[in-house]
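Asks: For reference, the structure I am asking about is given below.
All of the numbers you see were taken from the coordinates with simple rules; none came from a lab. Just so it is clear, the structure is predicted and the values come from calculations on it, not from any experiment. Note: ideal-geometry Cβ built from the backbone for every residue, glycine included; neighbour counts use all protein chains shown.
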Amino acid sequence: MNRKTFTRIAFAAVIAPTLAFGAPAVAMADSYFSGKATVAGPYGAASHSVTAIAKDGHGKHGHGKGGSYFDYSSTFAGPKGAASNSSTSAAH
């Protein structure tokens, strides 16, 4: 067996268990995202904010404390007026 084939087999032997056991663990992880933007220019100013949280419910001692939260807001002010928009959602 040449060195290139041996390297490929060794790499596959290491990667296969990692993918098989690592992917489900990643799928059960909690996640959090937050993004914000603010801009100002000669025609007005605007801001935008998004927050999203998801918890898998497999916390300490197996208590089901999972859920999700989403919050979005945006505002704009310019020479012809102003506007704002927001939305919030949560589930347990």
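Asks: When Lys and Arg each count +1 and Asp and Glu each count -1, what net charge do the other residues less than 13 Å away from Val50, Cβ to Cβ, add up to?
Replies: Around Val50, the charge tally is 0.
Asks: Cβ neighbours within 10 Å, averaged per peptide: list 79-86, 40-47 in order, most packed at the top.
Replies: Those peptides, ordered most packed to least, come out 40-47, 79-86.
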